[in-house]
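The values are calculated or read from the model by the stated rules, or taken from the named source; none is laboratory data. Note that the structure is predicted; figures quoted are calculated from it, not measured. Cβ placement follows ideal geometry from the backbone for every residue including glycine, while neighbour counts extend to all protein chains displayed. Each accessible area value is taken on the protein alone, full model and side chains, heavy atoms only, with ligands, DNA and RNA left out. Shrake-Rupley method; radii C 1.70, N 1.55, O 1.52, S 1.80 Å.
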Amino acid sequence: MSYSPANIEKMHVSLRAVLQDLQTLILNTVIEGQALEPASPVREHLLHGAARRLQTVKRALERVFELFPLDSARPLATDALSDVQTNLHAFVMNLYGLYDNWAWAFVLRHDLLSRLGDRRRVGLFLQSTQKFLPAELREHLTSEAMTRWHGEYAKSFRDALAHRIPPYVPPSEFTEQESHKFQELEHEKLQCIRQMRWDRMQEISEEQAALGRPCFGFMHSFQEDEAPRPILLHPQLLTDSITAVECAKLFFAHWHRTA
């Protein structure tokens, strides 16, 4: 699967806009944090938690688009693909962590931890914390769209990265004929290793690299129960970034008060 020229142009426009929005959000987060007392734990969650994570999210997003151009026609080289996945992992983990930093900043600002009773009950997507949120923020986080985004996607991929099978981008997509050819070459490659025919092994690797097309999707498992289907990489990262920016705007507009 490849992107159409129209979709490529739309994504480039969206990328430029969201990178600017993320930069603005980083600055606003720093301003909010700097206004607090130096020893404030709320300040720490904003400056050393949320602001750092936002910078990582922004840079990871940039690098994925740089390393894996939208108009790529050939599968990525092994090292380039590894770099894409490294940045994908940084993006997924820090995006998820953003919401925890915001949750802790809110709970600590309003001295709610004793009322929650357990650190494990701190979280913007947990009812235990949501009941204290101002209505505008609570309604956003409990909307059908946000509940589905968090439950079916964000938490699934974060948990897989932390505990099970990390998200990955398949190296290529094959037709049935190309798949058979790849496996034939793979079998020959094993023979070359046994026979120490290194020159031919290099030729085989080059032949394999010429097969197929780039895969623009990512996933974390083929085997788990209800494993997610491949998700288009570039559009999803853009959507995740836009979602975070929208949530942050609501958070900072209302975080000074409780329900």
Query raised in the report: So what's the range 127-259 giving for Rg/Rh, alpha carbon basis, Kirkwood Rh from the mean inverse pair distance?
Result: 1.22
Query - Accessible area (Å², 1.4 Å probe, nearest 10) - Ser143 - result: 40
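Per residue, how large is the accessible surface of the chain? Use a 1.4 angstrom probe and give square angstrom.
On the way: 14050 Å² over 259 residues.
Heavy-atom SASA per residue in the chain reads 54 Å².
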Requested in this report: For the chain, just the Cα atoms, rotate onto the principal axes and tell me the three extents in Å, largest first.
Outcome: 69, 37, 35
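Ranked highest first by average number of other Cβ atoms within 10 Å, how do 146-156, 91-101 line up?
91-101, 146-156
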Report task. Work out the FRET efficiency for Glu66 and Asp111 from their Cβ-Cβ distance, taking R0 = 45 Å, and round it to the nearest 0.05. Result -> 0.55
Report summary line: Among the range 96-128, those whose backbone N falls under 20 Å of a label point 7 Å along Cα→Cβ from Ala39 are 105, 108-114
Requested in this report: In nm, give the distance between the simple-model label positions of Ile242 and Arg200, each being 7 Å from the Cα along the Cα-to-Cβ direction.
Outcome: 5.3
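Would you list Trp104, Trp255 from the most to the least accessible area, probe 1.4 Å? Could the numbers behind the result be given before it?
Values: Trp104 40, Trp255 5 Å².
From most exposed to least exposed: Trp104, Trp255.
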Report summary line: HN-Hα couplings for the range 248-259 via Karplus (6.51, -1.76, 1.60; θ = phi - 60°), in whole Hz with x for Gly/Pro, come out as 4, 4, 5, 4, 6, 6, 10, 6, 6, 9, 10, 5
**Report entry** Gain upon complete extension [Ala253, His163; 0.36 nm per residue less C-alpha separation]
**Finding:** 29.0 nm
Query raised in the report: Residue by residue through the range 188-205, which ³J(HN,Hα) values in whole Hz follow from phi under the Karplus form 6.51 cos²θ - 1.76 cosθ + 1.60 (θ = phi - 60°), with glycine and proline marked x?
Result: 5, 4, 4, 5, 4, 5, 5, 8, 6, 9, 5, 5, 5, 4, 5, 4, 5, 4
Query raised in the report: How much solvent-accessible surface does Glu9 expose, in Å² to the nearest 10, with a 1.4 Å probe and all protein chains in place?
Result: 100
